[in-house]
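Working notes for the structure below.
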Ligand SMILES: [Zn+2]
């Protein structure tokens, strides 16, 4: 099944959660949108969890 759904490439900085779009740019912050596949939570990315834990939840 083919999917054209894209995700804001800057969502971790600009939003509290991934912002998906069918266009080329994020509808909320106008950052480039990138293909959502492979998924942002790639199980082979063993450092992803560390990055997410290390990143504070607040803005900036
Ligand atoms: Zn965005």
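Computed quantities for the displayed model
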quantity	calculated
Scan of the range 15-34 for residues that are more than 6 Å from the ligand (Cβ to nearest atom) and either closer than 18 Å to residue 57 by Cβ or surrounded by 14 or more Cβ atoms within 10 Å (Cβ to Cβ) (or both), ordered by number	16, 17, 18, 20, 21, 25, 33, 34
Residue within the range 2-14 that is surrounded by 11 or more Cβ atoms within 10 Å (Cβ to Cβ), more than 13 Å from the chain's Cα centre (by Cα) and either within 16 Å of the ligand (Cβ to nearest atom) or modelled with pLDDT under 95 (or both) present	no
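The values are calculated or read from the model by the stated rules, or taken from the named source; none is laboratory data. Source: prediction; values computed, not measured. Every residue, glycine among them, receives a Cβ derived from its backbone with ideal geometry; neighbour counts consider all protein chains shown.
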